[in-house]
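Rule-based calculations on the coordinates, nothing more; no lab input. All values reported here derive from a predicted model rather than from experimental measurement. Please note: Cβ atoms are built from the backbone with ideal geometry, for glycine as well, and neighbour counts cover all protein chains shown.
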Amino acid sequence: MGASVVEFMPQQDSKRSAAIAGGALTPKVTPAGTAVRQAAPFGPQSLIAAIAVVTALYFGRDVFVPIALAVLLTFLLSPIVSLLRRWRIPRSISVVTVVIMAMFTIFCFGVVVANQVSVLSSNLPSYQFNIQNKIRDLRETQLASGSFDRAAAMLEAIEQEIQQAEEVDAADAEASGTPAPMPVRIEEAPLTPLEMLQTFVVPLIEPLATGGIVIVFVIFMLLRREDLRDRFIRLAGSTDIHKTTSALQDAGRRVGQYLLMQLVVNVTYAIPVAAGLWFIGVPNALLWGLLALVLRFVPYVGPIIAAFFPLALAIAVDPGWTMLFYTAALLITLELISNNLIEPWLYGSRTGLSPVAIILAAIFWTWLWGPIGLLLSTPLTVCFVVLGRHVQQFEFLDILLGNEPVLAPHERLYQRLLAGDPDEATEQAEIYLRERPIRSFYDDVAIPALVLVEHDRSRGVLDDAHREMVATSAVELVENLSEHEDVEAAEDASERDLKHAADPDLKLNPGRIVCAGARGNLDDAAAFMLRDALEHASIHALDVPHEMLQPTQLRSFDFDDIGTIVVGYLNSESIAHARYLVRRLRRQSPKLTIIIAFWGATGGRDELAKIEDAIRPDAVCTTIVEVVAALKPLAEVSKEAEARAAVEGAEEDHASVGLLSEPQPAV
């Protein structure tokens with residue numbers, strides 16, 4: 001919960017309290033955000049290694065593509081093999097059974113597609129008349145007619161120019177006595193049976209060889225999966241088996257879930273497509289459903305190709321345009337439902353990739369390996385993101401391609417405040433407040449963001465203009481959240497936190513509560529947040545700027561009706577300043593309850609107790625929850641006083657009404 005960590009310099013325990021009291025020892029603060037693990041630098045060596053890897057993948061694609069396909073199929077078939085193994089079936093029989101089932105499924109799919117394509121090809125001549133009529137209809141429209149006429153006229157003019165040029169050249173040649181060139185025609189010799197066979201077989205050799213290599217790789221990977229895993233762990237480094245095992249399990253889980261969910265999404269899309277096209281009357285609806293199932297494995301391009309064929313066939317089949325409109329409406333509706341409902345529900349964050357990373361991966365792997373690279377783009381990129389998540393040298397891959405937030409909530413808030421954008425900061429806060437109380441937002445996000453600002457100010461990297469902008473934006477953020485009401489669950493959790501953080505030994509004086517910043521406008525912004533948190537807890541308070549605590553202004557400050565003052569510091573090294581400020585406040589009002597808040601500083605109870613002994617306030621707090629818990633009894637007293645006042649007012653009203661209702665003596 002704390003945004004900074006208080007670490008004390010090594011001193012002997014017996015001398016620690018005296019050193020703090022004398023101001024010789026101050027806490028060393030580590031601001032929030034600096035403890036986050038930094039990404040390994042992407043230097044020249046990493047760049048050279050990346051170029052070497054890309055070059056090897058490009059020129060060695062004939063070797064790496066079958067291996068990548070085999071690994072992908074292994075991820076897909078491994079759960080089925082594991083299921084058969086749990087049924088006490090031997091590994092070799094399980095692997096062979098699963099591979100044969102997969103090949104048989106692919107074979108049946110190919111037979112159905114081939115049959116549908118054969119039926120479609122036999123029916124294509126019957127669609128020629130409809131296509132000609134549609135072209136004629138387009139020509140008859142005013143827009144289409146003008147376009148066609150202009151294009152035809154242009155082509156005719158170009159043809160006439162070419163003919164005239166040829167006639168002029170022929171006339172010149174005849175006048176000069178030069179013989180006209182003789183036309184030459186090259187005729188190829190008829191192909192022999194062996195050459196015809198070679199024409200058909202050679203294009204099939206490469207895909208068949210690739211398919212055979214993939215099948216062999218899949219079988220051996222399934223048979224020797226544990227051995228390959230152990231060898232990879234040994235290659236990656238047996239000194240850190242836990243990290244390597246976590247990386248392998250994470251990669252296998254993400255890729256396997258991605259493939260399974262993609263299959264489910266494609267099936268839920270293909271079945272309504274086939275049924276809808278059959279109902280509309282588009283021929284070969286089963287073919288287009290199966291084509292949609294397969295092509296949707298290809299990111300972005302696959303759904304477009306799958307939709308093109310039924311749309312083109314609807315134009316050819318129907319003499320009118322109704323079938324085309326119905327088909328387009330069906331495909332668009334199913335695409336919207338699949339993309340906006342089914343895919344987010346099933347996928348969630350299973351792949352760990354951001355949407356931009358998926359697009360970049362599709363472009364990169366398509367450039368590298370062609371259509372096969374487009375098919376493998378998402379699984380391969382998932383493996384690289386997992387590598388960056390578990391290996392620090394490749395963490396930049398997870399940062400660039402992953403879907404996890406790379407900035408903590410308080411860092412994102414700091415960035416928005418620094419940019420002078422309190423509206424977006426409010427949107428982020430409202431998302432956080434859907435499940436948490438506003439006090440938790442201030443403690444976990446807003447105050448740590450101000451601690452980061454204070455840390456940058458103390459380092460000299462933040463000028464006065466930007467500091468003023470952050471403070472103003474923070475105040476505007478609090479004003480935007482002033483009407484926020486915590487949800488019921490958040491209120492219950494907040495009440496438990498208050499009971500846990502309450503200090504029973506703190507003695508409170510009746511009177512008004514003042515929240516004040518200690519040294520600057522950033523402290524004033526933190527005090528404004530504290531006042532808002534108190535108001536949400538039904539504790540009325542005032543906020544005053546830090547200038548009112550200056551010695552010259554403090555003498556003229558009226559403490560007569562003030563019972564408690566809370567002074568907040570974002571810089572936890574301001575112990576000496578806090579000690580002298582407490583002394584001045586004691587001189588002005590001896591009965592005043594003084595609470596010093598070192599926002600975001602956490603330490604052991606002993607360290608905080610020693611700081612309290614050195615400063616001598618009534619309490620030292622580090623979070624807004626602690627301050628609210630400490631002042632909660634005043635709210636209860638105020639509620640009791642308001643209730644008594646309401647009862648007394650009701651009794652007076654009742655008495656006055658009774659007097660008016662008594663019979664008056666006759667005159």
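Odds and ends about this structure:
- Between TYR127 and ILE106, the modelled labels are 2.9 nm apart [label points 7 Å from Cα along Cα→Cβ].
- Computing FRET efficiency as 1/(1 + (r/R0)^6) for ILE359 and GLU159, where r is the C-beta to C-beta distance and R0 is 41 Å, gives about 0.35.
- Charge sum, other residues only, whose C-beta stays under 13 Å from GLN553's C-beta, Lys/Arg counted +1 and Asp/Glu -1: 0
- Put a dot 7 Å past the Cα of ARG434, heading toward its Cβ, do the same for ILE342, and the two dots end up 2.5 nm apart.
- The label-point distance for GLU535 and ALA50, in a model that sets each label 7 Å from Cα toward Cβ, rounds to 4.9 nm.
- Relative protection proxy for 90-97, 363-370, 440-447, from highest mean packing down: 440-447, 363-370, 90-97 (other beta-carbon atoms within 10 angstrom).
- Between THR245 and GLN415, the C-beta separation translates, for a Förster distance of 56 Å, into a calculated FRET efficiency of about 0.95.
- Pairs of Cα atoms farther than 22 Å apart, segment 410-638, %: 49 percent
- Residue separation of ARG231 and ALA114 scaled by 0.36 nm, minus their Cα-Cα distance, works out to 37.8 nm of gained length.
- Compared with the direct C-alpha span, the chain from ILE89 to ILE315 gains 76.1 nm at full extension, assuming 0.36 nm per residue.
- Per-residue Cβ neighbour rank within 10 angstrom, fewest leading, GLU156, GLU411: GLU156, GLU411
- Length gained when the stretch PHE557-PHE325 is fully extended (0.36 nm per residue, less Cα-Cα span): 75.7 nm
- Ranked list, fewest to most other Cβ atoms within 10 Å of each Cβ, for MET323, MET529, MET101: MET101, MET323, MET529
- The radius of gyration of the Cα set in segment 240-401, together with its Dmax, comes out at 18.7, 69 angstrom.
- Projecting the Cα atoms of HIS242, MET323, VAL294 onto the charge dipole of segment 240-401 (Cβ charges, centred on the Cα centre) puts HIS242 farthest toward the positive pole.
- Computed from the C-beta positions of ARG512 and ASP464, the FRET efficiency with R₀ = 41 Å rounds to 0.80.
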